[in-house]
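Colleague: Structure incoming, see below.
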Amino acid sequence: MFFLGFLLNLVNLPISISAVTQIEEEYLSKVSGIINAFALATVPITSFIVGIIIEYISTRMLFGLFGIITSIIFLLQIFNKYLDKLNY
């Protein structure tokens, strides 16, 4: 878990820095608000979905599944050519 959290921060930090440097200052608070609202809106949706899934598989398997999915997303972001072009 620690390793996955560490890897997520390695991806998130450059994206956040790029957003701050590329978005005009007058729009930065609006964009940040929209991103945060979206992130918070996904919490109950995800809780609902996980609640349904946990009825069918064990917690251990669920953590493993999410670990695999997170690792795949991380690897896709590493090889994303668009992220290489961002100036951060």
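The values are calculated or read from the model by the stated rules, or taken from the named source; none is laboratory data. As the structure is a prediction and not an experimental result, all values here were calculated from the model. Neighbour counts run over all protein chains shown; Cβ positions are idealised from the backbone, glycine included.
Colleague: Among the numbered criteria (1) more than 27 Å from ASN80 (Cα to Cα); (2) aliphatic (A, V, I, L, M); (3) more than 19 Å from the chain's Cα centre (by Cα), which one does ILE23 miss?
Modeller: It is condition (1) that ILE23 fails.
Colleague: Can you tell me which residue within the stretch 30-58, out of those that are hydroxyl-bearing (Ser, Thr, Tyr) and at pLDDT 90 or above, is farthest from ASN12 (Cα to Cα)?
Modeller: TYR56
Colleague: Across the stretch 37-52, what is the total count of residues that are among the hydroxyl-bearing types (Ser, Thr, Tyr) and under 17 Å from LEU65 (Cβ atoms)?
Modeller: Of the residues in the stretch 37-52, 2 are among the hydroxyl-bearing types (Ser, Thr, Tyr) and under 17 Å from LEU65 (Cβ atoms).
Colleague: Report yes if VAL31 is free of Cβ contacts under 8 Å to residues at least 40 places away in the same chain, surrounded by 13 or more Cβ atoms within 10 Å (Cβ to Cβ), of a type in the set (Val, Ile, Thr) and part of a helix (DSSP H, G or I), otherwise no.
Modeller: Here the answer is yes, as VAL31 does meet what is asked.
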